[in-house]
Amino acid sequence: MSDFEQSLRQAAAATQEQIYEIYHTSAQGLTDAQAQKQKKYGKNKIPHQQTHTIWQSLYYAFVNPFSVVLFVLTLLSFVTDIWFSSNDSRTSLTVWLMVCMLLFSGVVRFLQEQKAARAAKKLLEPIRTHVMVCRNGVWQQMGQEELVVGDLIRLTAGEHVPADIRLLETKDCFVSQAVLTGESAIIEKNVKQKPPIDSMPYWAWNTLAFAGTTMISGSAQGIVVAVGTHTIYGAQMRRIGGRKQGFTKGANDIAWVLIRFMAVLVPIVFLVSGVMQENWMTAFLFALSVSVGLIPELLPMVINACLAKGSAEMGKKKTIVRHINAMQSFGSMDVLCMDKTGTLTNDAILLEYYLDILGNESQTVLDMAYLNSFYHSGTTNHLDQAVLRYADYPGKEAYFHELPNKYQKLDEIPFDYSRKMVSILVKGTEESKVNRILVKGEVKSVFARCTQVQYGTECVPITQEETEGVHAIIDEMLEDGMKVLAVAKKDMPEDSLLSLAEEQDLTLLGYLVFFDAPKQSATQAMVKLRALAVHTKVLTGDQQSVTQSVCRRLGMDANSILTGQELERMPEDVLLPAVEHTQIFAELTPAQKALVIDVLRQNGHTVGFLGDGINDLAAMYAADIAIGVDTAAPAVKEAADV
């Protein structure tokens, strides 16, 4: 175990008073003078997020295998054409031509990457992460790169954790650690470490929030205990060195093959020529000439010029290529995987109907769903936004403004990809004298936890007849491309607490029906991709029936579909061909999206992924080329190559 991992384990087990003592801080945070001293621990920068300085960019523009080969050839040409040549045959034309090619190749690459860097900076500047930090006893916003060990910070739902944090205060704090573990489960964090910590892996330390993870719901306050490459996430990124495009690896391999070939062949030519001609100086000059002839001198310049030209053309179409080498991966991509919601479909989903069990419009269903969405402290999503927009309807403002005052929030269990539902515990009205759990989520998941259905004011036990009726209504709407969520409730005693065990014996109230229309440009884009021999695959966490309906409208083979559960059950020898021949994947977790990408790459494809949400990050890092849309989440824009 490394020293910084040991210090993190110590921080996870320490009490609040011990944390203040270890990190020389207090409940009022650091002073400016203390913060200055703490900078000895380094800057809070993660390796993949660092941008190159001008000098670094200049270095990488000129120092790469192809440019090194061209530089060596220039030296050899200088030796053969100038140094060892007689006065009559001496010429510097070849040397100057090679120098010009070397300069042109590097300058073109440098200028194009600087242009892309400026455009990317302008795009990302508004979304740079700022954190609430307590300095000198005053809460203020600061850039995450300014954080130092010992800072007292505050986090809320939807934010990325900017450093490794020892939590001191939490309220309904749930965190997604998928970026570290690849698992989609949502972890609850609190201020007291569960024993035994010595035998626990780091991701099970519930008093620490790790850099790179995401606050799904609730709020938290804590002390920064590690920054930059000393965090768990930073250490991982430093080890893997970031994603390398296939082109970069391939170009390096070709350059080293040429260098090795030259290193083997030139000595042989020198020896053979020297023995046959018995003039070792002539043999040496001949061997050098052969080495120059082995290498295509124009190759580095042509490669960089072509990549720069492609990047410039993409820029004219309002597309930013952040890394010039990504152009080749983009051009050689033969499989494009994409999310559905927000990429193939419109960002704004509409709530079309709010229905009871019989399919009649129900104000009760809308009210309970509105309270669930209003109190849900997790990351913002399209479905909650569609529900909450009802408060803006003419004549409804006062009603929905008053509704949360009648039902005050007591507790919450946020959404995660295993339960596929959100539960909110609210305090009952003065008339009811009971608390109530309000549940909203995927129909199958919610219905499996229900034992009753409500008709008007009457609750009836669920029988086979009710089950068939529910499925008939739902299946009809799903086939029409509607997205359906179930709404349920459960009355609880006033002194009760919310737990996963209480998400049973629910009463089904009804459904929310959303319309998720495909973008007008999506169909045209799919046709153009097919014409370019780029195979498209849809990877979504949405329901199978909804996904099939949307994809059918886009002209895709809607019968070629696999779900996340089916993927889990497949042995590897079946998985490889199944992923190859399937076009649509539904009900996937983020980790399963990344798995599909990995399988396609194992099958020899150059794979791109087009996404817009936090749940797409794992797939974007797994792909050869990561593509983000203009409306994507901030973290997605930062992870994208294009």
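The values are calculated or read from the model by the stated rules, or taken from the named source; none is laboratory data. No experiment lies behind these values; they were computed from the predicted model shown. All Cβ positions, glycine included, derive from the backbone under ideal geometry; neighbour counts span all protein chains shown. The accessibility values were calculated without ligands, DNA or RNA, using every heavy atom of the protein model including side chains. Shrake-Rupley method; radii C 1.70, N 1.55, O 1.52, S 1.80 Å.
Observations
- Between Asn381 and Val275, full extension at 0.36 nm per residue minus the direct alpha carbon distance yields a gain of 30.4 nm.
- Under 5 Å, built H, 5+ apart or other chain: amide partners of Tyr353: Val513
- Ordering of 35-43, 594-602 by packing is 594-602, 35-43, highest average first (other Cβ atoms within 10 Å, averaged per residue).
- Among the GluC sites (Glu not before Pro) in segment 420-516, those located in a DSSP loop and surrounded by at most 15 other Cβ atoms within 10 Å of their own Cβ are Glu430, Glu431, Glu494.
- Simple label model, 7 Å out from Cα along Cβ direction - Val68 to Ala263, nm: 1.0
- Within the assembled protein chains, the solvent-accessible surface assigned to Leu383 is about 30 Å², based on a 1.4 Å probe.
- Looking at segment 470-547, none of the chymotrypsin sites (Phe, Trp or Tyr not before Pro) sits in a DSSP loop with at most 14 other Cβ atoms within 10 Å of its own Cβ.
- Subtracting the Cα-Cα distance of Leu358 and Lys192 from their residue separation scaled by 0.36 nm leaves 55.0 nm.
- Exposure ranking of His401, His382, His605 by accessible area [1.4 Å probe, largest first]: His401, His382, His605
- Calculated FRET efficiency, His401 to Asp475, Cβ-Cβ distance, R0 = 56 Å: about 0.95 to the nearest 0.05.
- The slack between Gln520 and Leu500, meaning 0.36 nm per residue of separation minus the straight C-alpha distance, is 3.0 nm.
- FRET efficiency for the Trp96 to Trp139 pair, using the beta carbon distance and R₀ = 51 Å, is estimated at 0.25.
- Asp495 sits with roughly 130 Å² accessible to a 1.4 Å probe, with DNA, RNA and ligands left out of the calculation.
- A 1.4 Å probe, protein heavy atoms only, puts the accessible area of Asp624 near 10 Å².
- Computed label-point distance, nm, for sites Arg553 and Lys444 using a 7 Å Cα→Cβ extension: 2.3
- Sequence-separation-based contact order of segment 474-581, relative, with Cα cut under 8 Å and 6+ spacing, percent: 29
- Members of Lys433/Lys489; Lys396/Lys519; Lys309/Lys537; Lys483/Lys519 lying beyond 19 Å, as alpha-carbon distances in this model show: Lys396/Lys519; Lys309/Lys537
- FRET efficiency estimate (nearest 0.05) - Cβ-Cβ, Leu532 to Thr467, R0 35 angstrom: 0.15
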